[in-house]
Structures are given as structure tokens and as C-alpha cells.
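Visitor: Starting off with a structure, shown below.
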């Protein structure tokens with residue numbers, strides 16, 4: 001998760017921070033969906049507190065892009081593991 005991962009975890013409850021690591025493709029997509037849901041839950045309030053509106057149009061574009069990637073054929077033949 002990068003530099004902030006060691007500091008952001010203590011701000012989240014255990015329920016908000018389930019395991020996000022797997023070699024299974026579907027589990028990885030599910031984890032990404034959980035991260036996006038968490039981000040959507042907190043980002044608008046954080047942005048508003050800092051004086052920035054949440055970019056709902058960009059959110060929709062990113063979601064569409066990720067869905068387009070998700071439905072691509074697997075380069076590994078099965079699509080169920082990396």
C-alpha cells in the first residue's frame with residue numbers, strides 16, 4: 001500500500017481493515033472493491049474538511065475503467081489465479 005500504509009491502519013477499526021492480500025484473482029478484485037468502498041466512505045468527508053469537493057465524475061470514470069479491465073480475458077488461461 002505504500003508509505004502511508006503503516007500509519008493509516010491505526011486510524012481504521014478492525015472491521016474496516018480486513019485482509020487485502022491474495023494470489024487469487026477473484027479475491028484480489030473483491031479486496032479492491034472493499035478498498036474502493038472504504039475510500040468512497042471516507043474521502044468525501046476528508047475532502048470537504050480540506051475544502052475540496054469529491055470528484056464523483058472521476059470516481060465513475062475510474063469505476064468504468066476498472067470494470068473494463070476486470071472483464072478482459074485472463075492472460076493465464078484460467079482467470080482464477082495469478
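No lab work stands behind these numbers, since they all come straight from the coordinates. Only a predicted model underlies this, so the values are computations on that prediction, with no experimental measurement involved. Please note: Cβ atoms are built from the backbone with ideal geometry, for glycine as well, and neighbour counts cover all protein chains shown.
Visitor: Roughly how many nanometres apart are two label points built 7 Å out from the Cα toward the Cβ at residue 34 and residue 58?
Guide: 2.6
Visitor: Quick check: pseudo-label points 7 Å beyond the Cα along Cα→Cβ at residue 27 and residue 72, how many nm apart are they?
Guide: 2.3
Visitor: Arrange the following residues from fewest to most other Cβ atoms within 10 Å of their Cβ: 36, 69. Each step should come with its number before you reach the end.
Guide: Values: 36 15, 69 9.
By the 10 Å Cβ count, ascending: 69, 36.
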